[in-house]
1. Can you confirm whether D126 is assigned to a helix (DSSP H, G or I) and either surrounded by fewer than 18 Cβ atoms within 10 Å (Cβ to Cβ) or at pLDDT 95 or above (or both)?
2. Please work out if E310 is among the acidic types (D, E), modelled with pLDDT of 95 or more, within 30 Å of I172 (Cα to Cα) and out of contact with any Asp or Glu (no Cβ under 6 Å at 6 or more places or on another chain).
3. Can you pull out every residue in the stretch 275-302 that is surrounded by 14 or more Cβ atoms within 10 Å (Cβ to Cβ), of a type in the set (A, V, I, L, M), out of contact with any helix residue (DSSP H, G or I) (no Cβ under 8 Å at 6 or more places or on another chain) and under 17 Å from P241 (Cα atoms)?
4. Any idea which of (1) surrounded by fewer than 11 Cβ atoms within 10 Å (Cβ to Cβ); (2) polar (S, T, N, Q); (3) farther than 30 Å from G238 by Cβ is the one S321 doesn't satisfy?
5. Would you confirm whether or not the stretch 154-168 contains a residue that is under 26 Å from A31 (Cβ atoms), surrounded by 19 or more Cβ atoms within 10 Å (Cβ to Cβ) and assigned by TED's automatic domain parsing to the domain that holds I12?
6. Of R278, R336, R255, which residue is among the charged types (D, E, K, R) and at pLDDT 95 or above?
7. Limited to the stretch 108-127, what total is found for residues that are under 21 Å from E379 (Cβ atoms) and charged (D, E, K, R)?
Amino acid sequence: MTSQSTLPLTGITVVSIEQAVAAPFATRQLADLGARVIKIERPGAGDFARRYDETVNGESSYFVWLNRSKESVTLDLKSAAGREILEKLLATADVFVQNLAPGAAARMSLDAQSLQERHPSLIPCDVSGYGNTGPWSDRKAYDMLVQGESGVMALTGPEACPSRVGISIADIAAGMYAYSGILTALFTRATTGTARAVEVALFEALGEWMGSPAYYTEYGGTQPRRVGAEHATIAPYGAFPTSDGTVLLSVQNDREWSAFCAEVIGDPAVESDPRFCRNSMRVAHREECNALIAARTRQMSTDEALALLEKIGIANSRLGSVSDFLAHPSLAGRDRWREVDTPGGRVRALLPPANLAGVEPRFDPVPTCGAHTTSVLHELGYTDADIDGLRATTTV
């Protein structure tokens, strides 16, 4: 077990004015590795993600996922006293993260340039929808909207129905790039003494993930088809019926196709059929190819199909539910589950996916709104009487 004092980011302080998903995801990953994350929330209401649902012992599933190991401080940033407290926090911080509404940071002089003029060693990180400059900089952007604008929805779902990916991939992508950008900026500051600002736009983060279909469209003349669980440019690839369910499979190369024809389809001659002899031809004749395969897989149980595919080296899986994921033997077998305290009780939480040898990530509690306001203000030199006065004016 790693002690908190030996975690990689111990000694790094992050102040974050964050809400929803993207920025909290970035800062939670910093907290996992030992950074002190002071989360600034509105007095009374807090981060609006706290109220998305009440499914985790009365707490929001999003909030519990994204906010463990943080300190919650409530501040009215529209008040002079609240701004003074924030400024004192920033003077001691290494990183400042914000995903305020477009233009809000600049109006409060919390934009990167203003911050670095006052605090030259501070690393500001801005997370926005479409960036701080450019013709779309003033637009609000939520995950679904960015999935639509980026073309992701045009590629997702069945042919008749463009679909949003079922998890918040634009937010997650932006949070990942903000996290890696902050780590890079910390390394740069440590090695050169220069603190560089980080800026991440949800649209551009998801745009990076659009690389393959973007190239395919620009140089192929047409965008990949929307084919549900299948792959627009690889076949066979997708879900196939069995006698008692569904099996997922993917054939990636000619060697696998040869074995697949002989062992699964049961006819080696199919390998050289002009309609199916190359991947591009199988894509062009996908319906015929799928029909041949489905005719065979329907004759097997799911377990039989999986065993046969595994035997001949074809990638395969079940069509699992979220409950199946929660009970997955890989997670249990690799000891990936931990526990974390929430205001409503202890819950399970997964280890972060990047495993650092000899390092056990931190799993401190998910805070109630404002849980650390008093302790943090004491650190800044405020007395109990001072704090009572600030509460009387709803500043904290």
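The values are calculated or read from the model by the stated rules, or taken from the named source; none is laboratory data. This is a predicted model, so every value here is computed, not measured. We place every Cβ from the backbone using ideal geometry, glycine too, and count neighbours over all the protein chains shown.
1. Against the criterion (assigned to a helix (DSSP H, G or I) and either surrounded by fewer than 18 Cβ atoms within 10 Å (Cβ to Cβ) or at pLDDT 95 or above (or both)), D126 does not qualify.
2. Details: among the acidic types (D, E): yes; modelled with pLDDT of 95 or more: yes; within 30 Å of I172 (Cα to Cα): no; out of contact with any Asp or Glu (no Cβ under 6 Å at 6 or more places or on another chain): yes.
No: the conditions fail for E310.
3. Passing the criteria: only A294.
4. Just one mismatch for S321, condition (3).
5. Checked against the condition, which is being under 26 Å from A31 (Cβ atoms), surrounded by 19 or more Cβ atoms within 10 Å (Cβ to Cβ) and assigned by TED's automatic domain parsing to the domain that holds I12, the stretch 154-168 yields at least one hit.
6. Values: R278 fails: at pLDDT 95 or above; R255 fails: at pLDDT 95 or above.
Being among the charged types (D, E, K, R) and at pLDDT 95 or above holds for just one of R278, R336, R255, which is R336.
7. The number of residues fulfilling the criteria is 1.
Matching residues to (1) of a type in the set (K, R); (2) assigned to a strand (DSSP E or B); (3) out of contact with any His (no Cβ under 7 Å at 6 or more places or on another chain); (4) in the same structural domain as G151 (by TED's automatic domain parsing):
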residue: A195; (1), (2), (3), (4): no, no, yes, yes
residue: E199; (1), (2), (3), (4): no, yes, yes, yes
residue: L206; (1), (2), (3), (4): no, no, yes, yes
residue: P224; (1), (2), (3), (4): no, no, yes, no
residue: V227; (1), (2), (3), (4): no, no, yes, no
residue: E256; (1), (2), (3), (4): no, no, yes, no
residue: F260; (1), (2), (3), (4): no, no, yes, no
residue: E263; (1), (2), (3), (4): no, no, yes, no
